[in-house]
1. At a 10 Å Cβ-Cβ cut-off, how would you order GLU299, GLU290, fewest neighbours first?
2. For the chain, modelled as a Gaussian network with Cα springs under 10 Å, which listed residue fluctuates most, ARG81, ARG252, ARG271?
3. Order these by the 10 Å Cβ neighbour count, fewest first: TYR29, TYR294, TYR76, TYR178.
4. Let me check I've understood the local charge: for CYS204, count other residues with C-beta under 10 angstrom from its C-beta, Lys and Arg +1, Asp and Glu -1. What total comes out?
5. Let me know the shape class of the stretch 133-246, please: from the alpha-carbon gyration tensor, a ≥ b ≥ c as square roots of the eigenvalues, rounded when a/c is under 1.5, otherwise prolate if a/b is greater than b/c, or oblate.
6. Tell me whether the stretch 154-312 comes out rounded, prolate or oblate; compute the Cα gyration tensor, take square roots of the eigenvalues as a ≥ b ≥ c, and use a/c under 1.5 as the rounded threshold.
7. For the chain, what does the relative contact order come out to in percent, with C-alpha contacts under 8 Å and a separation of six or more?
8. With 10 angstrom as the radius, rank MET216, MET124 by how many other C-beta atoms surround their C-beta, starting from the fewest.
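No lab work stands behind these numbers, since they all come straight from the coordinates. Worth saying up front: this structure is predicted, and the values here are computed from it rather than measured. Note that we place each Cβ from the backbone using ideal geometry, even for glycine, and neighbour counts take in every protein chain shown.
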Amino acid sequence: MEDWRRDIGKSLGTKLRGSIRLNEEMAPYTTYRIGGSADVFVEVESVEDLQKVAGFLAEHPKVPWQILGGGTNVLYPEHYRGVVIHPGKGLSKIKKKEDRVIAGAGAELLEVIKQAAEWSLGGMDFLAGIPGSVGGALKGNAGAFGRRIAECVELVRGFDLAESKEKELKQEEIEWSYRKTNLRAALFIYEIVLKLEPRPIMECMHEISRVLSERMAKNPSEPSAGCVFVNPEPPDVTAGRLIDELGFKGRRIGDAMCSPQHANFIVNVGRATQADVLTLITEIKKAVKERFGYDLVEEIKIIRETMEEHNG
Ligand SMILES: Cc1cc2nc3c(=O)[nH]c(=O)nc-3n(C[C@H](O)[C@H](O)[C@H](O)COP(=O)(O)OP(=O)(O)OC[C@H]3O[C@@H](n4cnc5c(N)ncnc54)[C@H](O)[C@@H]3O)c2cc1C
């Protein structure tokens, strides 16, 4: 084992409120249920923890690292030779201030929506059922039914792990596009202020149930990371339609299968590996390019074994 892996416990172990685990299996942290161990897994509980982790990373500039939220949009390799940084309970609290909800980045998106409803605040119900954390949703401007989380955001608080600096960004200071923001890859989002609308609790609850049942009917039930590809621009065609027309539904490499229910989902039907999914992705991209001329771009975040740059 290289020095930095041996030393991380010594240099951070007693200093963090959160925890450090070595050789942590990543599959259970993801909806894909794919991936082997990460050398180091750090759960951070406070901004002070983030500051200490940033200090360690500054002293070890060659060590790869990556931020993990709810793990619903990521594909891990057999071995990640770096540090995975994940928000713990201390960064997952949900608070209310007038018609704002202040959510810790690690809070589950659906929990935030339900808690807001209990406080008679609505307006983000259309996001119900998108799995994952509110931090991950913000980073990727998650959306559904033609709407995006950007609509509900007032302020984002983050800690830049490369510059070791806290940052506060207003909604209008962020560039939002389809499943994307321009937030720096090194920015660990730790808190989001959501501006919602006063609404009767029953109305919010009813809307949440309606959205949840609509989504359940559409999404495959096997483990996945959601849609694999972003829809091409201009959006007159969906990636799913192109893949379906090429007859990929049911195509299988190892235990990775193009879902018979939704062609833009590659599901894990057993013990799929990253390599299985990547082979299928390559086949699909090649066929779509040859037949339709589109260059499909992955929406899921593919984590490489020794990723030096931080996953954006
Ligand atoms: C069945 C299914 C259905 C889905 N349907 C939709 C849908 O309708 N619409 C949609 O938009 N998405 C959908 N997704 C994709 C996924 O749920 C979203 O992208 C989700 O918002 C990702 O959040 P996460 O916390 O799981 O992020 P992760 O998967 O953990 O991470 C995704 C990216 O965000 C970064 N990130 C995560 N947390 C933070 C943080 N605190 N600070 C900085 N960076 C961070 C990670 O580094 C990574 O680059 C679906 C996924 C599944 C499995």
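1. If I rank by nearby Cβ atoms, fewest first, I get GLU290, GLU299.
2. Maximum among the listed residues: ARG271.
3. Fewest-to-most Cβ neighbours within 10 Å comes out as TYR178, TYR294, TYR29, TYR76.
4. My count for the surroundings of CYS204 gives -3.
5. oblate
6. Taking the square roots of the gyration eigenvalues as a ≥ b ≥ c, the stretch 154-312 is oblate.
7. After rounding, I find 19 percent.
8. MET216, MET124
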